[in-house]
Amino acid sequence: MPWNIGVLGAGPGVAALHLPVLGRLAELFKVVHIADAGSGRAQGLAERLGARWSVGEADLLADPAVHLVAICSPPAEHARQILAAVAAGKPAIFCEKPLATSTEEADEVISACRLAGTVLLVGTNHLFDAAWGRARHHLVALAGRVQAISVTLALPPNDRYHRLVAEGGPFQAARRGRLDLGSPAVAAGVLRQLLTGLAIHDLPAVRDIAPGVDEVVYARVAPPIGYLVGYRAGGVMVQLALAMLPEGPDALWRMGIATSHDRIEVNFPPAFVHAGSAAARVRSADGQWTEYRRDPEDGYVAEWRLLASLLEGGAPVEYDELLADSHFAIDLAEAAAAKVLEGVSQ
């Protein structure tokens, strides 16, 4: 019998990502209820699936047919809705990243889930991508000392991120003169939200090989919307870069890891695209590249398969890791925002 899912949220992430993935995993999951916050989109999505729909979260959380709650709402709602789902007695929760927007919220959420025995998974799909698993295995097997990490994003516009930083989207706001990235306070707020809402795709993987943030060396927001952040984690230098332009460009999402004797590259597929796993390759000291095989399933499918394994008791819920990932992302975002507010970024 598949697990019955209630989805909180009916935006593009639900329509383009999760519902198609869950449709491929019909033996494991069935969407039985979708709720929106008043947009009216839930009805159309639910009717295609023969599911119930509602406005707000109360009816969905009270629905006895819902076993698993998928939280796909704006980030500011995540912690509150997780706590509401736990209070409603739901045995399992899938939460889109981020888990929470403050360390205090993250602590409260993990404590509540741990106490109730609630199965919890955060949807950072890159962490579950088979290509990242192979790259991580390479680092362990060769025991190469990591020296530098770079995560480079060049993305076409995405309305979800437009709404993230300014009402009506940063491009519209910039044209209307409402978004002043020259203001340190505005720039710091935008940077914090982009790091916790977008860079967080990769931060759990980065933390896996370079835990901690010793010092943010530079941090700035690049107009019309983007960022450049560099920090030290022990002996590792980490750089995060984003460029998002109104007219493009073609999507690029790449993680590069330089070790003492080679370089690893992981190229992730664009968001909203179901094209299999990322492509991973290794360049040896002699300049030769070795390509790892790609997996037909992407990280979106892998994260839901892992959730099924958690529900069946085939894997433990890693509450401590989920909490550490959340703290890491929030601490980095706060430190980078503080660097911007210093007014000394280069």
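The values are calculated or read from the model by the stated rules, or taken from the named source; none is laboratory data. Keep in mind that this is a model prediction, so the values were computed, not measured. So basically every Cβ, Gly included, is an ideal-geometry build from the backbone, and we count neighbours across all protein chains shown. Side chains included, ligands, DNA and RNA excluded: accessible areas come from the protein's heavy atoms. Shrake-Rupley method; radii C 1.70, N 1.55, O 1.52, S 1.80 Å.
Which of the residues that make up the range 98-116 are over 18 Å from GLN193 (Cα atoms) and in contact (Cβ under 8 Å) with a residue 24 or more places away in the chain?
Across the range 98-116, the qualifying residues are ASP107, GLU108, VAL109, ILE110, ALA112, CYS113, ARG114, ALA116.
Considering only the range 211-225, how many residues are more than 18 Å from GLU334 (Cα to Cα) and of a type in the set (A, V, I, L, M, F, W, C)?
Count: 1.
Kindly indicate which of GLY248, GLY230, GLY234 is within 20 Å of GLU334 (Cβ to Cβ), modelled with pLDDT under 95 and either in contact with a Ser or Thr (Cβ under 8 Å, 6 or more places away or on another chain) or not basic (Lys, Arg) (or both).
GLY234
When you check PRO224 against the structure, is it of a type outside the set (Ser, Thr, Tyr), open to solvent by 30 Å² or more (accessible area, probe 1.4 Å), in contact (Cβ under 8 Å) with a residue 24 or more places away in the chain and touching a helix residue (DSSP H, G or I) at 6+ places or on another chain (Cβ under 9 Å), yes or no?
yes
Could you list, in sequence order, the residues of the range 166-193 that are in contact with a Leu (Cβ under 7 Å, 6 or more places away or on another chain) and at pLDDT below 75?
Residues satisfying the conditions are ALA166, PRO170, ALA173.
Residues are listed down the side, and each one gets a yes or a no for (1) in contact with a helix residue (DSSP H, G or I) (Cβ under 7 Å, 6 or more places away or on another chain); (2) surrounded by fewer than 17 Cβ atoms within 10 Å (Cβ to Cβ); (3) among the aliphatic types (A, V, I, L, M):
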| residue | (1), (2), (3) |
| --- | --- |
| ARG281 | no, yes, no |
| TRP304 | yes, no, no |
| LEU311 | no, no, yes |
| TYR319 | yes, yes, no |
| LEU322 | yes, no, yes |
| ILE330 | yes, no, yes |
| ALA337 | yes, no, yes |
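Quick one: which strands (runs of 3 or more DSSP E) lie wholly within the range 1-119 and hold at least 1 residues that are buried (at least 24 other Cβ atoms within 10 Å of the Cβ) and more than 19 Å from the chain's Cα centre (by Cα)?
Because the criterion is at least 1 residues that are buried (at least 24 other Cβ atoms within 10 Å of the Cβ) and more than 19 Å from the chain's Cα centre (by Cα), the strands (runs of 3 or more DSSP E) in the range 1-119 that meet it are 3-8, 29-36, 68-71.
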